[in-house]
Each structure stands twice: as structure tokens, then as C-alpha cells.
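Enquirer: Got a structure for you, written out below as C-alpha cells; questions coming shortly.
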Amino acid sequence: MPHRLKIIDHNGHTELGWDPESAEATEVVRERFDALMRRNFIAFDLSNSPGEVIREFRPHSTELLITPKFVGG
Amino acid sequence: MLVAALAGVLAVELQEREFAAAALLVLWFAAVVLVIALRRAQEPGQPDNAHRSRRLAAGARACHLLREHLNEEQREQFERAGSFVVVAQSGRRYRIRSANTSNVRDETDGASYCVQFRSDPQCLRIPLEDLMLAQKLLLECDEPQFLRIANKSSVPDRRGW
């Protein structure tokens, strides 16, 4: 089963895939995830229903979705 | 008198030649302007067309992602009315509609909520369907955070609902 990080952006979204068996590939996605979290993005683990708000990268999750920070409009 | 007549004829001929030369010059200039105008008409605002294409593609991609995360009932609601109902952690039902502001409504008391992405240039170009998906996920996964962040209007807003 593919492991995907979906980043909400002006392209609709950008997808990064990784194989948990590959430390290098996992690290690339982890670094991207951490960089976005440092910018106060919000991350969801959607592997199960209902989903879950997370603060740390989960290498074994099948679907992570990360969005920019929310503000009241 | 003959010389004068010849000079007069020559002057007229010169005037005619000058007139012809001037006319040719004007015609040439008009042709150049016409060619430039035609070329511009054939390639209208390429940068704008490319930008518009990117925006349309991003919107389609966002719509597809949103639909992937709706259940069958929500998908039908969205296709029919451009809105769908989300059941939050507390059990309260919220309707999320296709609008840029105050697009989340509590179905119980009619209060509307406005939650958006932060206002920087990159976020302003994020498609609306992505915002709707993010709002849905936040309501389902962390309703208290949604309510903390959102600007709430207690006056029922029935426009477009």
C-alpha cells in the first residue's frame, strides 16, 4: 500500500510518496513534513476513520495530509 | 514662357512624385502597424492564458481530492447543492458550502463560522475545494480547535444556503 504525504498548496496539492522500508526515502519526506510543521502547518493522519491531528511524522501512516495554518476570517 | 511652362509642368510632376512618395511612405507605415496588430491578435496575453490554465488545473485537482474524502451521501449533497454536511466529534452537524467566507454553518443553531488559510500570497491561491476539505477535516478531527480559531456570527445567514 502506498504511503503518501499530501501537501495542500496553490497547485491543488502536492504529493510525496515514501517506502517505510527505505530509510532514505522516509527521511526526505520527514524533513519536508518537519519543515512545514515549523511553519505552523496542520497535519492530519487519515489512515483510519476518523482522522487524527498529529504533530509528528508517522512513517507507517498510509495517508498524511498537511495544510497551511488556519485563521479566523 | 515655354521654360516657365516646362518648369510649371516639372513642378507639378515633382509635386505628384513627392505626393506619390509620401503616399507610399504612409501606406508602408500603415502596413507595418497592421502586421504588428495582427501578430498580437494571434498571440493574446500568453502569460494570462498559462496562468488561467494552471488555476483551472489546480481547481480540478482540489475538487478530485475533496470528493475522495467525502462519503457517498456527502458527495451527492456536494454535487447537488455545492455543500455537504459534516458530523463533528461532538455530534453537531455543520454544513460546509462553496464560498470563500463564512461558509461553515452550525445546522443546529444557524451560527456561521469563518475559517480560512492564513493570508499570504501562496495561500490566497489555494483552491476553494482544498479549504473546504481542510475545514471538514478540522471539524471531524479537532472541533475545539476549529471553534477556537473561527470567527463566529450568531446571526443566521440564509444567503445561498
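The values are calculated or read from the model by the stated rules, or taken from the named source; none is laboratory data. Predicted model only: the values in this text are computed from it and were never measured. Using ideal geometry, Cβ is built from the backbone for each residue, glycine included, and neighbour counts are taken over all protein chains shown. Protein only, heavy atoms only, side chains kept; ligands, DNA and RNA dropped before computing areas. Shrake-Rupley method; radii C 1.70, N 1.55, O 1.52, S 1.80 Å.
Enquirer: Taking into account only those residues within the range A:31-46 that are outside any helix (DSSP H, G or I) and open to solvent by less than 10 Å² (accessible area, probe 1.4 Å), which is farthest from the other protein chains (Cβ to nearest Cβ)?
Expert: The first filter runs over the range A:31-46 and keeps only residues outside any helix (DSSP H, G or I), leaving A:39-46.
From the residues that got through so far, the ones that are open to solvent by less than 10 Å² (accessible area, probe 1.4 Å) too are A:43-44.
Values: A:Ala43: 10, A:Phe44: 5 Å.
For the range A:31-46, the residue satisfying everything is A:Ala43.
Enquirer: I'd like the full set of residues that are surrounded by 13 or more Cβ atoms within 10 Å (Cβ to Cβ) and assigned to a helix (DSSP H, G or I), limited to the range B:61-72. Give the steps one after another, and end with the answer.
Expert: Looking only at the range B:61-72, we keep the residues that are surrounded by 13 or more Cβ atoms within 10 Å (Cβ to Cβ), and these are B:61-63, B:65-67, B:69-70.
Once the filter is applied, which keeps residues that are surrounded by 13 or more Cβ atoms within 10 Å (Cβ to Cβ) and assigned to a helix (DSSP H, G or I), the range B:61-72 yields B:Arg61, B:Ala62, B:Cys63, B:Leu65, B:Leu66, B:Arg67.
Enquirer: Confirm whether A:Leu16 is assigned to a strand (DSSP E or B) and among the aliphatic types (A, V, I, L, M).
Expert: Working: assigned to a strand (DSSP E or B): yes; among the aliphatic types (A, V, I, L, M): yes.
Spelling it out, A:Leu16 is indeed assigned to a strand (DSSP E or B) and among the aliphatic types (A, V, I, L, M).
Enquirer: Another question, then. Of the residues B:Ala57, B:Ala99, which is small (Gly, Ala, Ser), on the phi < 0 side of the Ramachandran plot, in a loop (DSSP other than H, G, I, E, B) and surrounded by 12 or more Cβ atoms within 10 Å (Cβ to Cβ)? Outline the logic, then answer.
Expert: Values: B:Ala57 fails: in a loop (DSSP other than H, G, I, E, B).
On inspection, the qualifying residue turns out to be B:Ala99.
Enquirer: For the range A:52-73, give me each residue that is in a loop (DSSP other than H, G, I, E, B), acidic (Asp, Glu) and out of contact with any helix residue (DSSP H, G or I) (no Cβ under 9 Å at 6 or more places or on another chain). Can you show your working first?
Expert: At the first step, the residues of the range A:52-73 found to be in a loop (DSSP other than H, G, I, E, B) are A:55-62, A:68-69, A:73.
Imposing the further condition that a residue be acidic (Asp, Glu) reduces the set to A:56.
Correct list: empty.
Enquirer: Right, next: Which residue pairs have Cβ atoms under 6 Å apart, sit 6 or more places apart or on different chains, and have a first residue in the range B:123-144 that is over 15 Å from B:Ser102 (Cα atoms) and a second that is in a helix (DSSP H, G or I) and open to solvent by 10 Å² or more (accessible area, probe 1.4 Å)?
Expert: B:Pro127/B:Gly59
Enquirer: Sticking with this one: Anything in the range B:102-116 that is in a strand (DSSP E or B) and open to solvent by less than 20 Å² (accessible area, probe 1.4 Å)? List them, or say none. Lay out the reasoning, then the answer.
Expert: Kept after step one, since they are in a strand (DSSP E or B), are these residues of the range B:102-116: B:104-106, B:112-116.
Scanning the range B:102-116 gives B:Val104, B:Asp106, B:Ser112, B:Tyr113, B:Cys114, B:Val115.
Enquirer: How many of the residues in the range A:52-73 are out of contact with any Leu (no Cβ under 9 Å at 6 or more places or on another chain) and open to solvent by 80 Å² or more (accessible area, probe 1.4 Å)?
Expert: As a first pass, look at the range A:52-73 and keep what is out of contact with any Leu (no Cβ under 9 Å at 6 or more places or on another chain): A:55-56, A:59-60, A:69, A:71-73.
Keeping just the survivors that are open to solvent by 80 Å² or more (accessible area, probe 1.4 Å) gives A:55-56, A:60, A:69.
Matching residues across the range A:52-73 total 4.
Enquirer: If you don't mind, there's one more thing I want to ask. Given the conditions (1) at positive phi; (2) within 14 Å of chain A (Cβ to nearest Cβ), which single one is not true for B:Cys141?
Expert: Here B:Cys141 clears every test but (1).
Enquirer: Going by what's in this entry, would B:Leu128 be described as open to solvent by 50 Å² or more (accessible area, probe 1.4 Å) and over 16 Å from B:Val85 (Cβ atoms)? Don't jump to the end; show me each part of the working.
Expert: Numbers: open to solvent by 50 Å² or more (accessible area, probe 1.4 Å): no; over 16 Å from B:Val85 (Cβ atoms): yes.
Taking the combined requirement at face value, the residue does not satisfy it.
Enquirer: May I ask you to verify whether B:Arg54 is free of Cβ contacts under 8 Å to residues at least 40 places away in the same chain, of a type outside the set (A, V, I, L, M, F, W, C) and over 23 Å from A:Lys69 (Cα atoms)?
Expert: yes
Enquirer: What's the total number of residues in the range A:54-72 that are more than 13 Å from chain B (Cβ to nearest Cβ) and either among the charged types (D, E, K, R) or without any contact (Cβ under 8 Å) to a residue 24 or more places away in the chain (or both)? Can you show your working first?
Expert: Taking the range A:54-72 and keeping what is more than 13 Å from chain B (Cβ to nearest Cβ), we get A:56-62.
Filter again for either among the charged types (D, E, K, R) or without any contact (Cβ under 8 Å) to a residue 24 or more places away in the chain (or both), leaving A:56, A:58.
Within the range A:54-72, residues that are more than 13 Å from chain B (Cβ to nearest Cβ) and either among the charged types (D, E, K, R) or without any contact (Cβ under 8 Å) to a residue 24 or more places away in the chain (or both) number 2.
Enquirer: Given the conditions (1) touching a helix residue (DSSP H, G or I) at 6+ places or on another chain (Cβ under 8 Å); (2) open to solvent by 70 Å² or more (accessible area, probe 1.4 Å); (3) of a type in the set (Gly, Ala, Ser), which single one is not true for A:Ser49?
Expert: For A:Ser49, the failing item is (1).
Enquirer: Now a separate question. Taking the condition open to solvent by less than 20 Å² (accessible area, probe 1.4 Å), farther than 20 Å from A:Glu15 by Cβ, assigned to a strand (DSSP E or B) and more than 7 Å from chain A (Cβ to nearest Cβ), does B:Phe84 pass? I'd like the intermediate steps shown before the answer.
Expert: Numbers: open to solvent by less than 20 Å² (accessible area, probe 1.4 Å): yes; farther than 20 Å from A:Glu15 by Cβ: yes; assigned to a strand (DSSP E or B): yes; more than 7 Å from chain A (Cβ to nearest Cβ): yes.
The answer is yes for B:Phe84.
Enquirer: Might you check whether a residue that is in contact (Cβ under 8 Å) with a residue 60 or more places away in the chain, touching a helix residue (DSSP H, G or I) at 6+ places or on another chain (Cβ under 6 Å), open to solvent by less than 40 Å² (accessible area, probe 1.4 Å) and at the interface with chain B (Cβ under 10 Å from one of its Cβ atoms) occurs anywhere in the range A:1-10?
Expert: yes
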